[in-house]
1. Determine whether V125 is modelled with pLDDT of 95 or more, within 17 Å of the chain's Cα centre (by Cα) and closer than 21 Å to E111 by Cβ.
2. Among the residues that make up the stretch 60-70, is at least one of them surrounded by 22 or more Cβ atoms within 10 Å (Cβ to Cβ) and in a loop (DSSP other than H, G, I, E, B)?
3. Among the residues in the stretch 74-93, are any more than 18 Å from the chain's Cα centre (by Cα), surrounded by 19 or more Cβ atoms within 10 Å (Cβ to Cβ) and under 23 Å from I191 (Cβ atoms)?
4. So which of R175, R181 ends up being in a loop (DSSP other than H, G, I, E, B), at pLDDT below 90 and basic (K, R)?
5. Mind counting the residues in the stretch 56-69 that are over 17 Å from the mean Cα position of the chain (by Cα) and either polar (S, T, N, Q) or within 18 Å of Y270 (Cα to Cα) (or both)?
6. Give the residue that is nearest to C50 (Cα to Cα), with candidates limited to residues of the stretch 141-153 that are without any contact (Cβ under 8 Å) to a residue 40 or more places away in the chain and buried (at least 24 other Cβ atoms within 10 Å of the Cβ).
7. Please work out if K238 is closer than 23 Å to F289 by Cβ, of a type in the set (D, E, K, R) and at pLDDT below 95.
Amino acid sequence: MEPKKNDIAGLSQILVSPMNGVRKKPVHSLSFDVEEHFQVSAFWSEARRCQWDQLESRVESNTKRITDILAQNNTRATFFVLGWVAERHPSLVKDLASEGHEIASHGYGHELVSAQTPDQFRRDVRKAKSILEDLTGKPIIGYRAPSFSITTETLWALSILVEEGHLYDSSIYERFRRFNRAVGHETHYSIDTSADRIVEVSPSTLKVCGVQLPVAGGGYFRLFPYAASRMFLRQLEKRGVQLVMYVHPWEIDPDQPRMKGPLLSRFRHYINLHKTADRLKCLLHDFRFAPIREVIGLMTRMCRERAGALGRR
């Protein structure tokens, strides 16, 4: 039986074979935010920003380790690549694309959207998109803000993303959603902006004891025992929710140089780095993943027309 197609999603539905009735795993989204270990917002300072080119780069080797794990599990994913990283490691971006992974944008300078004016944000987005498109030869349609910094206070950024040619955003957590959705779906929905409609792909969250927890990856994936993460994700899956997972390459690197910073920031950044790679392998065994652009489908007429227009540029 073919999966039912709707405007945004369809591939995550559980399929049943007419021959033997075997239920296949639903397809979820897996993504990686490709940035250096010293670029995380929790350790941000103007002084450290000026040192970026002098600090040890580990992003290429860490990302290669991730792609090796993915290859061993026949899985492709979405890589939100920072423009700054792409400039310095162009072969990394080309290799990711040649291996069939989706390349999307993480902006250029890893500055929070809330710390930028609309004009600054537009320049950052445009610069990153141009770098990535030059390297891949393909339109870049997805974007994720540093530290998921598109919130109710920075929704103006969505119209700029549309104007700059992006078809989907993956920056808004469930706890920040305050709009009328054009499509009823737990994690994939569309938002009307002043420019046009954009698809929002929210990282997965689950309400636990009255608290909405970001259970989709990052610090929580390292903080919780894997058994707990799997239980949370299974709960969402049973409800028919498409999971939207994310990990950073530096999260599989326990040997990265330690940075000075607030105690809480150091705890959140360094906890269980030595366990992340094995947890990622377990995740790939227990769930089925694909790049975001494939999972959400992007089947609406609007998306098809705009993607065609981008390809003709």
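1. Yes, satisfied.
2. No, the stretch 60-70 contains no residue that is surrounded by 22 or more Cβ atoms within 10 Å (Cβ to Cβ) and in a loop (DSSP other than H, G, I, E, B).
3. no
4. So the residue among R175, R181 that is in a loop (DSSP other than H, G, I, E, B), at pLDDT below 90 and basic (K, R) is R181.
5. The number of residues fulfilling the criteria is 4.
6. Within the stretch 141-153, the match that is nearest to C50 (Cα to Cα) is A145.
7. yes
Condition check ((1) part of a helix (DSSP H, G or I); (2) modelled with pLDDT of 95 or more; (3) not polar (S, T, N, Q)) across all residues:
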| residue | (1), (2), (3) |
| --- | --- |
| P3 | no, no, yes |
| N6 | no, no, no |
| A9 | no, no, yes |
| G21 | no, no, yes |
| K25 | no, no, yes |
| T75 | no, yes, no |
| S91 | yes, yes, no |
| D95 | yes, yes, yes |
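The values are calculated or read from the model by the stated rules, or taken from the named source; none is laboratory data. Because the structure is predicted, anything quoted here is derived from the model rather than measured. In this analysis, Cβ positions are derived from the backbone assuming ideal geometry, glycine residues included, and neighbour counts consider all displayed protein chains.
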